[in-house]
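First comes the structure, then the notes that go with it.
The values are calculated or read from the model by the stated rules, or taken from the named source; none is laboratory data. Owing to the predicted nature of the structure, the values given are computational and were not obtained by experimental measurement. Virtual Cβ from ideal backbone geometry, glycine too; neighbours counted across all protein chains shown.
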Amino acid sequence: MQIEKRQQQFLMRFCRLNFFLSTGIAALSLLGWVAGASFVTSYRSSYIPIAPSSALLLLLLSGVLLIYMYRPDHRVAKISAAAVAFVTLAVCSLLLAGYFLRVSFMIESLGLHSPGGYGGKFPVGHMSPITATALILASTSGLVLVLLSARAAAFGHAAGIPGMVVALIGFVVSLGYMYGTPLLYGGQMIPMAFPTAAACLFLGIGLVAAPGPLTMPAAAFTGPSVRSRLMRYFLPTVIVIFLIQDVVSWRLLRESGNPALLSAVTVILTVFIVGLAIERIAMKVGGAIDQAIAERNKAEADREKLIAELQDALASVKTLSGMLPICASCKKIRDDTGYWEDVASYITRNSDLLFSHGYCPDCAKAARDEFAKFKAEVKRERATFDR
């Protein structure tokens, strides 16, 4: 229970951090539209800027979820988060339907002028259908988190799994921008802007962590089990290795064009990173296994000691059972040899009990009465003798 509590606290802090980053990116993007700063809204002048509607909805959704995670029991925070999530779901569903029906909504620009810089073929200020889909999933996850309570495992899965999809969408699109090959720029569909992808990435990660350590997909990475430890060490390591290989390949091939150098550098980096990961895992998992073995050996030693004590106790116990022939008058007991002896002697000989003698109240009264009677007779006989 203590481990689960620590994991819950860590996930809550991690969730709030990601919601804060998503809120910050959306707020900066909206300010970029107001100030006409194309770098803030699109990362590069050749990239499409984030739509004002996307920035506003991301700001509202991430912001209210951040407040809700700080005050989950506060009624106003809960109602506000549910209302914003529902509005986001409705607006993005309408925009997504409008895109496929070729209906344009001028209100998407919020009355702001284009920050400039982008001169591509896609319309500026309109939400990408990928962004609309990601926000629909994120708002659905938020509604489940707020209204249905993620304390139940089924509800927690319904909140965490859509959040994971949102994070994957943001991650894939962000990678395309980082490698200089953004997705969908060669097609007809409006691509997702880089600030939108980054905000969705952090928003999705926050939604994955929000339900707690017992729900998927967070449950696969939490807990003291060997499986969980391997997942949270090896999976990030594999991702980092692939990213580094791609970056190194891209840079070296572009600058040197030497495949041998590329292969050598890639192998060295891979071995180095995997070695660090294995050392870390061996230290953590090996320590846990050693501790478990030590606790098991201690438990076995305690069990053997307890068994020995119980055997010694049973060996020293003498019990009386069966039927005892007892005299109806003097209460003596007959043993197996036919000898009659009093109760105290028989029990003392056949058990570890010792007797201490005394008088019960009835016998004490009878003894006093008899003693008084005897004393009166002696006195009467003495008086007769004196005459």
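May I ask you to list the residues in the range 175-212 that are outside any loop (DSSP other than H, G, I, E, B) and surrounded by fewer than 21 Cβ atoms within 10 Å (Cβ to Cβ)?
LEU175, GLY176, MET178
Return a yes/no flag: does the range 148-168 have any residue that is touching a helix residue (DSSP H, G or I) at 6+ places or on another chain (Cβ under 9 Å), surrounded by 20 or more Cβ atoms within 10 Å (Cβ to Cβ) and among the hydroxyl-bearing types (Ser, Thr, Tyr).
No, because not a single residue in the range 148-168 is touching a helix residue (DSSP H, G or I) at 6+ places or on another chain (Cβ under 9 Å), surrounded by 20 or more Cβ atoms within 10 Å (Cβ to Cβ) and among the hydroxyl-bearing types (Ser, Thr, Tyr).
What single numbered condition from (1) surrounded by 14 or more Cβ atoms within 10 Å (Cβ to Cβ); (2) aliphatic (A, V, I, L, M); (3) at pLDDT below 90 fails to hold for LEU101?
For LEU101, the failing item is (1).
Which of the residues belonging to the range 5-34 are over 18 Å from TYR68 (Cα atoms) and free of Cβ contacts under 8 Å to residues at least 24 places away in the same chain?
Answer for the range 5-34, where residues must be over 18 Å from TYR68 (Cα atoms) and free of Cβ contacts under 8 Å to residues at least 24 places away in the same chain: LYS5, ARG6, LEU31.
Would you check if there is a residue in the range 321-336 being at pLDDT below 80, basic (Lys, Arg) and part of a loop (DSSP other than H, G, I, E, B)?
Taking every residue of the range 321-336 in turn, at least one turns out to be at pLDDT below 80, basic (Lys, Arg) and part of a loop (DSSP other than H, G, I, E, B).
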